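J.: I have a structure I would like to understand better, so I am pasting it below and will then ask my questions one at a time.
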Amino acid sequence: MKNTARSIIPLTALAVLLIAISPMASASTLTVNLNPKTGLAKVDSVSTTTIVFTYPAGSTVSNYFKNVSSTLNLKGSFEGSADGAKELQSSFDAGHSHVTVHNLTAAFDYSAKGNATTFVVNKMTNITAWVSGVFSVVNGSVRADLGWRSYVIRGALSFPFEDHSMDINLVGSSMQASLGSHEIAAGLLFTMFGAGSLWNRPTLNFSALSTPLSTWTKNYDASTNTTTFSKTISGQSKFTASIDYNGQSYSLSAISDPSGVVSVQGYANASGDSLVIAPTPASMTANYLAAAAVVVVLVIAAGYLALRSRAKAKTSIPASSFSV
């Protein structure tokens, strides 16, 4: 398999920039770099989440939240045998894939700030995993299976950062972590929304990418020898959970507007959820060469006209006359 892959694409880098439809993710991206030379894929999942909790000014809740300000930064490296890595593996398996997680790094960052009417948590989860089992050779052609790209981690995704374990996926865990030293505020928020579906909503959710790649918009750039498949989900989606508490209204909400791009070095065709590396069609190569030739001719013509203009300018300068 490796020899066949090398003969067709000596070093293919497949970059997938995908934005998920996860309701709590305002800018989730997935980047996958596939390298048939090593047989490994680097999967970089980034989930940026903004959670907004609103409450009436002057309320009891406002008094507990308006002075909250906290940040947290955690990261670590883990083997494929770690519980978090196994959870990621199971989410890939749900996409009917044969990829295997070998190791990964995980980072969790958030900042939380409250004022008289609003408490905002900005959270980023970044998981970089190295997996195998993406490539296969079918009838002499290299095929990259991306059926697992629309993975969703439904439950908690916990890693032992430093001296304690932390769930870096669910909304509720992020909210509780941001209020770790504000027990009363955390208790009020849990009382209002702890049993709701928004509280248990995952932020690592790439379900928007489940439509076949063959239905995405394809473009081949001969100048860079790159094939791209793009998908945009038009319109913003606002997700809100609200509740009346002691006669006053409170809400927990977020907005998402996802899109996605799949980019592969070389010419590729999409077949369902797979990309097949293929020879560049002769017509496209000819068109690119013709376009390049036109550019060269135009450059030469421009240079010639510039030289001619200078020559005319020199001959048109009248001789100077001097009198003594």
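The values are calculated or read from the model by the stated rules, or taken from the named source; none is laboratory data. Nothing here was measured: the structure is a model prediction, and the numbers come from that model. Heads up, the Cβs are rebuilt from the backbone with ideal geometry, glycines too, and the neighbour counts pull from every protein chain shown.
For every residue, the table says whether it meets (1) within 20 Å of L170 (Cβ to Cβ); (2) out of contact with any Lys or Arg (no Cβ under 8 Å at 6 or more places or on another chain); (3) in a loop (DSSP other than H, G, I, E, B).
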{"position": "Y64", "(1), (2), (3)": "no, yes, no"}
{"position": "T71", "(1), (2), (3)": "yes, yes, no"}
{"position": "A85", "(1), (2), (3)": "yes, yes, no"}
{"position": "S97", "(1), (2), (3)": "no, yes, yes"}
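J.: How many of the residues making up the stretch 129-142 are out of contact with any strand residue (DSSP E or B) (no Cβ under 8 Å at 6 or more places or on another chain) and surrounded by 17 or more Cβ atoms within 10 Å (Cβ to Cβ)?
T.: So the count comes out to 0.
J.: Also, I was wondering about something else. Out of all the residues in the stretch 170-192, which are surrounded by 15 or more Cβ atoms within 10 Å (Cβ to Cβ) and either free of Cβ contacts under 8 Å to residues at least 24 places away in the same chain or of a type in the set (S, T, Y) (or both)?
T.: The first filter runs over the stretch 170-192 and keeps only residues surrounded by 15 or more Cβ atoms within 10 Å (Cβ to Cβ), leaving 170-179, 182, 185-186, 188-190, 192.
Within the stretch 170-192, S173, S174, Q176, S178, A186, F190 meet the criteria.
J.: Which one of D145, D109, D163, D167 is within 27 Å of Q265 (Cβ to Cβ) and surrounded by fewer than 23 Cβ atoms within 10 Å (Cβ to Cβ)? Step through it out loud before you land on a result.
T.: Numbers: D109 fails: within 27 Å of Q265 (Cβ to Cβ); D163 fails: within 27 Å of Q265 (Cβ to Cβ); D167 fails: within 27 Å of Q265 (Cβ to Cβ).
Step by step, each of D145, D109, D163, D167 is checked, and only D145 is within 27 Å of Q265 (Cβ to Cβ) and surrounded by fewer than 23 Cβ atoms within 10 Å (Cβ to Cβ).
J.: Among the candidates V61, V46, V32, single out the residue that is at pLDDT 85 or above and either among the aliphatic types (A, V, I, L, M) or more than 20 Å from S253 (Cβ to Cβ) (or both).
T.: On the way: V46 fails: at pLDDT 85 or above; V32 fails: at pLDDT 85 or above.
Just one listed residue meets the conditions, V61.
J.: From the residues in the stretch 236-250 that are in a strand (DSSP E or B) and within 28 Å of the chain's Cα centre (by Cα), which one is modelled with the highest pLDDT? Give the steps one after another, and end with the answer.
T.: If we filter the stretch 236-250 for residues that are in a strand (DSSP E or B), which is where we start, we get 237-245, 248-250.
Going one step further and asking which of them are within 28 Å of the chain's Cα centre (by Cα), we end up with 237-241.
Values: S237: 58, K238: 65, F239: 75, T240: 83, A241: 88.
Once the filter is applied, the top-ranked residue is A241.
J.: Would it be correct to say that A116 is surrounded by fewer than 23 Cβ atoms within 10 Å (Cβ to Cβ) and touching a helix residue (DSSP H, G or I) at 6+ places or on another chain (Cβ under 6 Å)? Explain how you work it out, then say what you get.
T.: Values: surrounded by fewer than 23 Cβ atoms within 10 Å (Cβ to Cβ): yes; touching a helix residue (DSSP H, G or I) at 6+ places or on another chain (Cβ under 6 Å): yes.
Considered against the rule, which asks whether it is surrounded by fewer than 23 Cβ atoms within 10 Å (Cβ to Cβ) and touching a helix residue (DSSP H, G or I) at 6+ places or on another chain (Cβ under 6 Å), A116 comes out as yes.
For every residue, the table says whether it meets (1) loosely packed, with under 14 Cβ neighbours inside 10 Å; (2) under 26 Å from the mean Cα position of the chain (by Cα); (3) in the same structural domain as M166 (by TED's automatic domain parsing).
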site: K42; (1), (2), (3): no, yes, yes
site: S45; (1), (2), (3): no, yes, yes
site: T48; (1), (2), (3): no, yes, yes
site: A57; (1), (2), (3): yes, no, yes
site: Y64; (1), (2), (3): no, no, yes
site: L74; (1), (2), (3): no, yes, yes
site: A82; (1), (2), (3): no, yes, yes
